Amino acid sequence: MPGSFLAQPLNAARLVAYVALFLLGAFVGVAGALVQQGWFPGGLLLALAGAAGAFYGGATATGTRAGALAPAGGWLAAVMLLTATRPEGDFVFGAGLGSYVFLLGGMGVAVMCATLGQRPQPGASDARLGK
């Protein structure tokens, strides 16, 4: 579809796809939070690779930046909910280096995948008129 993402109409199929990507991102965030400390450092790399796969896969599947932002939003929502302490004092993330690398690395991967997940620009022959 020509035009930017904001110029395109939002149909039901795209809305369902973005909701599914949001839920996938939340699932990847919860799974990564549990794996990253359990099998350190391999679990941390696995968690970040899973997040990158969800973000870049969403961008590639939809062909838009919103395809990467939807799972990134789900991932961020799940991770932020897991960082909050409970009244009993329990929480999922410890105060180790791996937890901070997972949080900051996941945000960095989300930004990279959102900026890389763009459609290629048309070639020079497509843009020239009269030839």
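Some points to look at:
- Segment ARG14-GLU88, length gained on full extension (0.36 nm per residue, minus Cα span): 22.6 nm
- Packing-based ranking of 77-87, 35-45, 52-62 yields 52-62, 35-45, 77-87, ordered from highest to lowest mean Cβ neighbour count within 10 Å.
Read the figures in this text as sums done on the coordinates, not as results from a lab. Bear in mind the structure is a predicted one, so any value in this text is a computation, not a measurement. Glycine also receives a Cβ, built like all others from the backbone with ideal geometry; neighbour counts cover every protein chain displayed.
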